[in-house]
Amino acid sequence: MILIHHGLQNGEGLSKARKRLANGTAEDASKRSKKDEEQVVPVKYPIDDLLVKPVADDPLLSKRCPPSTDFKVPISSVGDLLMVWDFCMSFGRLLCLSPFSLSDLENAICHKETNLVLLVEIHTALLNLLINDEGEYYEFIQNKNRKSKVSLVTWKEYLCDFMEMTSISSNISTVRRGHYGLVPTSLKLEILRELVDEAIATIAVKEKLDERIDQQQALAAEKREIARKSKEEQKLIMEVATEKEMNQTNAVQDGNENVNSQLVAKEGKERKNAPTSKMGDAKLHLDGNENVNSQLVAKEAKERKNAPASKMGDVKLHLGRHLEKELLDQSVRTSPLGKDRYYNRYWFFRREGRLFVESADSKEWGYYSTKEEVIVCYCINFFASFSMYNNLC
């Protein structure tokens with residue numbers, strides 16, 4: 001008891017006890033960490049993009065740059081602008097409209113001049129389509145004793161009738177006095193959006209849609225049939241080439257065996273007189289001939305095998321690209337590429353090089369115009385959302 005008390009009094013026993021306690025605590029902590037490592041649950045894919053952790057080989061991604069918003073029309077009206085332009089491009093032949101760019105329409109809408117050719121032609125084409133359909137708008141103008149043909153001079157009167165029919169009462173008097181250019185840009189796009197909505201419901205547009213859908217289905221069936229035949233032909237070519245290669249190899253082997261037997265017989269006769277070195281040279285020459293023959297046969301078989309396949313592959317590739325182009329030309333609906341984690345929708349139009357971004361509430365719009373911006377946006381936000389990069393680049 002005296003020794004224990006003396007040790008504690010000197011502090012030696014206390015320090016040793018603390019060391020043992022510290023060692024025990026460290027050992028317990030290491031054991032717990034090992035248990036935690038053993039209990040790590042493996043990741044199951046697919047998972048949210050934010051949970052994906054980069055590895056050492058992954059390149060560093062720069063921060064996503066905000067989309068550009070330098071539209072000439074109000075941000076809230078960009079959707080109407082895209083809708084009107086896409087409809088006019090998709091049904092340009094039916095409307096007898098020449099192709100025009102999105103920038104041309106945006107500039108015309110924002111212009112203060114009344115009789116811009118592009119806007120006059122668009123309004124005239126849409127109004128004539130509604131009249132030829134003999135629907136609600138046709139009956140409305142009949143009650144006003146209008147002619148059944150809109151001209152480049154009288155289009156403003158027919159437009160006022162349409163605004164009156166759809167209860168767009170704002171600025172009717174301004175349009176009637178011939179000052180369409182002074183109408184606010186957002187209202188111009190609202191009127192055009194209503195015209196497009198009415199045009200989509202016409203019989204002519206519905207028939208065109210049905211026609212294109214039938215053509216799309218026929219092209220898709222043709223594409224599947226070509227792919228099936230291509231696989232069968234490729235398989236047949238491989239089988240024929242393999243069979244020829246085997247036959248050629250067997251023939252060479254038979255020829256080599258005959259040559260070998262003749263050489264062996266000849267060597268048997270000359271063995272008594274021939275030195276050992278000459279016999280070795282003969283065997284070496286025999287083996288060399290055998291290797292050269294086998295290499296030539298393999299090379300010829302490979303060339304025979306690849307020549308028809310490459311020519312046929314070029315034809316199939318060209319035909320496949322042609323069908324893809326035809327399918328795109330017959331497209332009747334533009335759908336968003338997908339959504340990101342914030343539910344923003346992304347739009348891409350074949351006739352416009354920009355990638356448009358629509359907010360979840362459709363009140364804000366932006367766009368990416370360069371390839372670098374698209375790549376960064378794709379890498380950060382769309383690991384598995386949709387196949388966008390191939391369509392853009």
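Some notes on this structure:
- Consider segment 348-358 and keep the residues that are out of contact with any Leu (no Cβ under 7 Å at 6 or more places or on another chain) and open to solvent by 20 Å² or more (accessible area, probe 1.4 Å). The one that is nearest to PRO66 (Cα to Cα) is ARG354.
- Residues located in segment 69-90, provided they are in a loop (DSSP other than H, G, I, E, B) and either closer than 16 Å to LEU159 by Cβ or open to solvent by less than 10 Å² (accessible area, probe 1.4 Å) (or both): VAL73
- Just one of the listed residues (SER167, SER186) is in contact with a Pro (Cβ under 7 Å, 6 or more places away or on another chain), within 23 Å of GLY79 (Cβ to Cβ) and either open to solvent by less than 60 Å² (accessible area, probe 1.4 Å) or part of a loop (DSSP other than H, G, I, E, B) (or both), and it is SER186.
- Residue in segment 98-105 that is within 31 Å of the chain's Cα centre (by Cα), modelled with pLDDT under 95 and open to solvent by 80 Å² or more (accessible area, probe 1.4 Å) present: yes
- Under the condition of being at pLDDT 90 or above and of a type in the set (Phe, Trp, Tyr), the residues counted in segment 349-390 number 4.
- The number of residues in segment 137-161 that are among the charged types (D, E, K, R), open to solvent by 40 Å² or more (accessible area, probe 1.4 Å) and part of a helix (DSSP H, G or I) comes to 2.
- Residues (of a type in the set (Phe, Trp, Tyr) and touching a residue at least 40 places away in the same chain (Cβ under 8 Å)) located in segment 161-193: TYR180
- Residues located in segment 117-136, provided they are open to solvent by 10 Å² or more (accessible area, probe 1.4 Å), assigned to a helix (DSSP H, G or I) and not hydrophobic (A, V, I, L, M, F, W, C): GLU121, THR124, ASN128, ASN132, ASP133, GLU136
- VAL175 vs. criteria touching a helix residue (DSSP H, G or I) at 6+ places or on another chain (Cβ under 7 Å) and under 15 Å from ILE131 (Cα atoms): no
The values are calculated or read from the model by the stated rules, or taken from the named source; none is laboratory data. None of these values were measured; they are calculated from a predicted model. As a convention, Cβ positions derive from the backbone with ideal geometry for all residues, glycine included, and neighbour counts pool all protein chains shown. The area values use the complete protein model at the heavy-atom level, side chains included, leaving out ligands, DNA and RNA. Shrake-Rupley method; radii C 1.70, N 1.55, O 1.52, S 1.80 Å.
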